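The values are calculated or read from the model by the stated rules, or taken from the named source; none is laboratory data. Treat the numbers as computed from the prediction; the structure is a model and nothing was measured. With ideal geometry, Cβ positions are generated from the backbone for all residues, glycine too; neighbour counts draw on all protein chains shown. Accessible surface areas use protein heavy atoms only, side chains included; no ligands, DNA or RNA. Shrake-Rupley method; radii C 1.70, N 1.55, O 1.52, S 1.80 Å.
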Amino acid sequence: MVIDLKKKSSREIIECFENIDIKGGEIVLVELLDSDIESFGYKAFVDLAQLFFMKLLTPIKKDEITTILRFQKLRLDSSFHQDEDKSSEKYGVESEFFTIDKTKQFSFLYHYQKALEFIVVKSKKRVLNLGVNRGDEFRVIKEMLEGEEFKSIEFVGVDYSASAIEYAKKDFSADENIEFICHDINELEDLNLGKFDLIISIGTLQSSNINFNAAFMSIYQNHLESGGAILLGFPNCRWIDGEMIYGAKAPNYSFSELSLVLKDIHFCKKYLQQKKYRVVVTGKDYLFLTARKII
């Protein structure tokens, strides 16, 4: 399928994409003048692809003034969000979720690193990660810090997926300062972990089997040291066919809807500000709420 969109307006291009009917994996070719592409910019077409659950492939030069953009439809059924499995292994090593590496997405990695810098991660002594899975967030910290700085910090990661925890233990086997524990976050008190001066949780407390407000307050009250810092990640995206698609998906809506995400962020921000914390919210595809005590 080749569509001629030369000299079309933004509105006309969107209308055209709304009427494209192709299956997952199929490719549609769009013919544009180089001057059109220069006017819009390639980023606009990357965004366009995401809006219609496609990915932009490598363009093909047709002639001196025309370029073919290739859009491939994502396989909408290839997503861990569609998985009805309620067990811990929905996020295990054999799952669709496990194939995802958020740290290879620049918009995630950049804002996560800035959040860690904001709370001065190198000054921490004990760090707890809830929903650690295979330990990607710990690896970022390891790469950010000097060897001895990293080794001086005690890291504890908790996750309900047994296979993911076993994978993480093997992957970080050389790091004696990291402990991985397979356990239900709803029953965290059973572990007697003590308190930490940094608590991290990326996209876990929003799980359907967790009462967000109650879990957050319990974690703050029972596991955060006085003056400790918090870093929470709220997904503002969906993972489809291996692609990170911008926009939170809410039940009963066919489009991105942020109310639930903003509601949770507002609750945490207000709660922490009452406790005399400086709270910032950053990010894009993942929204990071980062809080440090006001000195």
Which ones in region 43-76 are open to solvent by 40 Å² or more (accessible area, probe 1.4 Å) and closer than 17 Å to Asp4 by Cα? Leu56, Pro59, Ile60, Lys61, Lys62, Asp63, Glu64, Ile65, Arg70
Just to be sure I understand the filter: pairs with C-beta atoms under 6 Å, separated by 6 or more residues or on different chains, first member in region 1-15 and open to solvent by 80 Å² or more (accessible area, probe 1.4 Å), second member at pLDDT below 95. Which pairs pass? none
Taking helices (runs of 4 or more DSSP H) that fall entirely within region 99-209, which contain at least 1 residues that are over 25 Å from Leu260 (Cα atoms) and either of a type in the set (Ser, Thr, Tyr) or in contact (Cβ under 8 Å) with a residue 40 or more places away in the chain (or both)? 106-118, 136-144, 162-171
Number of the exception - Ile178 against (1) surrounded by fewer than 20 Cβ atoms within 10 Å (Cβ to Cβ); (2) closer than 20 Å to Gly92 by Cβ; (3) more than 22 Å from the chain's Cα centre (by Cα): (1)
Here is a list of conditions, (1) crowded, with 17+ Cβ neighbours inside 10 Å; (2) at pLDDT 95 or above, and Phe98 meets all of them except one; can you say which number that is? (2)
List the residue pairs whose Cβ atoms are under 8 Å apart, where the first residue sits in region 267-280 and is open to solvent by less than 90 Å² (accessible area, probe 1.4 Å), the second is of a type outside the set (A, V, I, L, M, F, W, C) and in a helix (DSSP H, G or I), and the two are 6 or more positions apart or on different chains. Phe267/Asn213; Tyr271/Tyr220; Leu272/Tyr220; Lys275/Tyr220; Val279/Lys269; Val279/Gln273
How many residues does region 156-175 contain that are among the hydrophobic types (A, V, I, L, M, F, W, C) and open to solvent by 10 Å² or more (accessible area, probe 1.4 Å)? 2
Within region 35-49, is even one residue modelled with pLDDT under 95 and closer than 30 Å to Ala250 by Cα? no
What single numbered condition from (1) over 23 Å from Arg292 (Cβ atoms); (2) open to solvent by 40 Å² or more (accessible area, probe 1.4 Å); (3) aromatic (Phe, Trp, Tyr) fails to hold for Trp239? (2)
